[in-house]
Amino acid sequence: ARFHGNRRSGRWEPVGPRPPLAAMFADRTAAGAAVESLWRSVRSARCEAKSCQTGKISTAETAVQSHTSRDASVQTDQSKDAVQDFQQEVQVDYTSLLSFLQRVEDAVIKELNKNWKSRAFDGFEVNWTDQNETVLCLHTLSYPEAQDQNLQVTSVSWNATGSVVACSYGRLDGGDWSTEKSYVCTWNLDRRGLNPQRPDLVVDVPSSVMCLAFHPSQPSLIAGGLFSGELVVWDTSRTEDPVIWRTGMTDDTHTDPVYQVNWLPDAKHRNHNRLLSVSTDGKILVWREERDGRLALAEGFAVVAQQVPRSAQLKKFTWAEAAVGVTSLSFSHFDPRVFVVGVEGGYSLKCSTAAETLALHRTGASVPLRAPAELAFSPHGGPVYSVSCSPFHRQVLNLFLSCGTDGQVHLHSMLQTQPLLSLQLSKKYLFCVRWSPVRPLVFAAASGEGNCNKCFCFTGDVHLFDFEKSSQKPALSIKQAAGEHPVYCVEFNTEQTRLLAAGDAAGAVRVWQLSSDFTEQGPREMNHLEQLASEITD
């Protein structure tokens, strides 16, 4: 027998026989065991809650814009089958069509001839733009420092683009002009944030500026005539030192104030211009630019009373060997040699740059001065302040306007001494007259009514005249200022044709937007002007 020691009892116990080897490795299934979790029940009893959160998420918004953009379109090709189907559907019976046209030919031609001769639509013009029937003040421009000195606007001018307006400050009613400081100011009306009381450019001038003229093709150049008799050319693109040419005080310089300057094409040098100036010293001078910044005298003319053509109808003229003060000038738009001047004696004179006769008693000039006057027209009742040649009339008429202190506008033909028409614009001094650049029958006049010769009390208006509406009274009179201030100058804008600038004695420049009535030409307006002139002449 075999014995086995039992550790618990400490006794030896018999051991039964060893089971077979196969029985030792037989498959058995043991009962499962379960373990209860106390973690979940304990947390539920304590009402504990746990959570898990990632770190804070930051966000940002951005936008992407391309610098350039392009438009593209896609067009499918037309189907050949569709074209063929369409062509097959259109079937024309040319034999019948020809027969029809032959039957109606005479009737159609008869109606076309009737329409051709009809006057039913005379004066009708299709206009696809919006109509503006009112005249509006777009801007009131001024320079407070000049107004504080009681300076007046003596001249206005538009540059070659029509976007910049310039004005000169000075005095026309008295004061010590020769020593008083004045200004030239410019405003760009197309500039964003335009400040009417802060000019884009202010040029200080030691003498009163009497007149201005922008260069006809270079927008930054502007010429001015001074009370001292000098001419100065400024380049407005140079803010620190804008003076580029000047005459200086020489024997050639005017001895009286310069009342008008004009740019003239240089016949000898293409794309160049010369400057022309007129003064009450009786001289009309033409200046050329020199490289050293000087304006040198190229040629000149002098209006002397003794050399003005005499007429039996010009009895009031004082014929003597004395200079005739020139106040204004306008060139013919058809003959560059012909121009008209207005003089202090009340006359308008037809002149020519082709004159060869030397002027009398003209000494001291570096070039000989010639006598340009060819014809004297019937006078005004006072000094002529402004003349303006028509840019529209045909050469056979040669029309021009003149105005003066008698309050009248004369419509003249250069072919006769008597005016075609005399218009009395109430009892007002007329300081300036300008023909419209777009309407042959329209002109503007600047006025001030004289109530007192000592204190120069005026009330200024801008008169718009339209011969199509009336040949005796203005179509519209615009009140320039509320106070008693005359309007000294007025200029149409040749590029932006609805704009008109007017300067007054209060030191303000007002830019007016004209209505379509004053800016749109009728289909037969030229013929109307010629007919009007013919009727007056007859």
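Readers should treat all values here as calculations from the given coordinates under stated rules, not as data from a laboratory. All figures in this text were calculated on a predicted structure; none of them were measured in a lab. Please note: Cβ atoms are built from the backbone with ideal geometry, for glycine as well, and neighbour counts cover all protein chains shown.
Classification of the range 179-330 by its C-alpha gyration tensor yields a prolate form. The axis ratio a/c (a ≥ b ≥ c) is 1.5 or more, and a/b outweighs b/c. Remark: the Glu374-Arg191 segment gains 61.2 nm on full extension, using 0.36 nm per residue and subtracting the alpha carbon distance. Name the shape class, rounded, prolate or oblate, that the alpha-carbon gyration tensor gives for the range 153-533, where a ≥ b ≥ c are the square roots of its eigenvalues, rounded holds for a/c under 1.5, and otherwise prolate holds if a/b is larger than b/c and oblate otherwise. Since a/c stays below 1.5, the shape of the range 153-533 is classed as rounded. Backbone amide hydrogens, once placed in the peptide plane, bring Leu421 within less than 5 Å of Leu411, excluding anything fewer than 5 places away on its chain. Stretching the chain fully between Arg524 and Lys473 yields a gain of 16.2 nm (0.36 nm per residue, less the alpha carbon separation). Relative protection proxy for 203-212, 521-530, from highest mean packing down: 203-212, 521-530 (other beta-carbon atoms within 10 angstrom). Summarising the amide proton neighbourhood of Leu476: residues at separation of 5 or more, or on other chains, whose placed amide H is nearer than 5 Å comprise Leu464. Each residue of the range 418-424 was assigned a 3J(HN,Hα) from its phi angle through the Karplus expression (A = 6.51, B = -1.76, C = 1.60, θ = phi - 60°), giving 7, x, 5, 7, 10, 10, 9 Hz with x at Gly and Pro. Each residue of the range 485-499 is assigned a 3J(HN,Hα), and the resulting list reads 9, x, 9, 8, 8, 8, 9, 6, 8, 6, 9, 9, 5, 8, 9 Hz, derived from the Karplus form 6.51 cos²θ - 1.76 cosθ + 1.60 (θ = phi - 60°), x at Gly and Pro.
Backbone phi angles across the range 275-283, fed through the Karplus curve with coefficients 6.51, -1.76 and 1.60 (θ = phi - 60°), yield HN-Hα couplings of 10, 10, 10, 10, 8, 6, 7, x, 9 Hz in residue order; Gly and Pro are listed as x.
Residues whose amide H falls under 5 Å from that of Cys489, counting only those 5 or more places apart or on a different chain, are Gly503, with hydrogens built in the peptide plane. Among the listed pairs Lys350/Lys427; Lys428/Lys469; Lys181/Lys473; Lys181/Lys268; Lys283/Lys473, those with a Cα-Cα distance over 30 Å are Lys181/Lys473; Lys181/Lys268; Lys283/Lys473.
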